[in-house]
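Working notes, structure below.
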Amino acid sequence: MQKEFFNNRVIVKVGDITQEKADAIVNAANSTLLGGGGVDGAIHARGGKRILEECREIRKNKFPDGLPTGEAVITSGGNLLTRFVIHTVGPIYRMNAGKEAKLLAKCYVNSLALAVENNLQTVAFPSISTGAFAYPKSEAAQVSSKSIEEFLSANETIEQVRLVFFSEPDALLFVKHQAFVLA
């Protein structure tokens, strides 16, 4: 299953994000940046020690209390097929005083801004916060698609954003609830 949006600058597909050949993949990280479950655990497991070492340096030098929700940092891709991993912390649903949508949007915008800052042209995202952080998938589809489209409308550096879903039902749910204006 694959669907294109925004003049083919956004691709929705099913797959394993750790196998994406993109300039960067985005990690739905936890604030410790030290690995965890789901996408975070898979990226750290496949990416190897180098990613963990770089994350420890970021924690030591920049975010000793952990990466704040909505912020993003970049490391190398370690043993992955990608050159870089952009780590962002999504909101835990109903734990942010009604600011979940704003924080989720920041995850996408800050990750894309970091990609532009590093002259990256292709970025692959998982579905941030919709797993263990319990963000409703239909709501997340609307927030993420609006955020991505607004960013791409104002910036030509990013050639392609891939939204990589682990399962076809999740990808189809995204397609059903997305809010892209340019299909």
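Quick note: the coordinates plus some simple rules give every number you see, no bench work behind them. Values in this document were obtained by computation on a predicted structure and should not be read as measured data. Using ideal geometry, Cβ is built from the backbone for each residue, glycine included, and neighbour counts are taken over all protein chains shown.
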### Message
Can you compute 3J(HN,Hα) from phi for each residue in the stretch 119-125, using the Karplus curve 6.51 cos²θ - 1.76 cosθ + 1.60 with θ = phi - 60°, rounded to whole Hz and x for Gly and Pro?
### Response
6, 8, 10, 10, 9, 10, 10
### Query
Each residue of the stretch 94-108 in order: what ³J(HN,Hα) in whole Hz does its phi give by Karplus 6.51 cos²θ - 1.76 cosθ + 1.60, θ = phi - 60°, with x for Gly and Pro?
6, 10, 9, 6, x, 9, 4, 4, 4, 5, 5, 4, 4, 4, 5
### Message
Just want the ordering: Tyr93, Tyr108, from fewest to most Cβ atoms lying within 10 Å of their own Cβ.
### Response
Tyr93, Tyr108
### Message
Please give the charge dipole size of the stretch 10-100, origin at the Cα centre, charges +1 on K and R Cβ atoms and -1 on D and E Cβ atoms. Round to the nearest 20 debye.
### Response
100
### Task
About the Cα centre of the stretch 2-177, how large is the charge dipole given +1 on each Lys and Arg Cβ and -1 on each Asp and Glu Cβ? Please answer in debye to the nearest 20.
260
### Summary
Candidates Asn30, Asn96, Asn79; GNM for the chain (alpha-carbon contacts under 10 Å) flags as most fluctuating Asn96
### Task
Can you put Asp16, Asp170, Asp65 in order of Cβ neighbours within 10 angstrom, beginning with the fewest?
Asp65, Asp16, Asp170
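Using DSSP to define loop residues, name the trypsin sites (Lys or Arg not before Pro) in the stretch 81-183 whose beta-carbon has at most 14 other beta-carbon atoms within 10 Å. Walk me through the numbers before you get to the answer.
Numbers: sites: Arg83, Arg94, Lys99, Lys102, Lys106, Lys137, Lys146, Arg162, Lys176; in loops: Arg83, Arg94, Lys99.
For trypsin sites (Lys or Arg not before Pro) across the stretch 81-183 that sit outside H, G, I, E and B with at most 14 neighbouring Cβ atoms in 10 Å, the list reads Arg94, Lys99.
Order these by the 10 Å Cβ neighbour count, fewest first: Phe6, Phe133.
Ascending Cβ contact count within 10 Å gives the list Phe6, Phe133.
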#### Entry: Span from the the stretch 94-119 Cα centroid across to the the stretch 45-70 one, whole angstrom
18
#### Entry: Sites excluded, GluC sites (Glu not before Pro) in DSSP loops with at most 14 other C-beta within 10 Å, longest stretch of the chain
1-155
### Query
Lys/Arg Cβ at +1, Asp/Glu Cβ at -1, dipole of the chain taken about the Cα centre: which of Thr88, Phe174, Asn30 is farthest positive-ward?
Asn30
### Task
With the cut-off at 21 Å, report for the chain the share of all Cα pairs above it, as a whole percent.
43
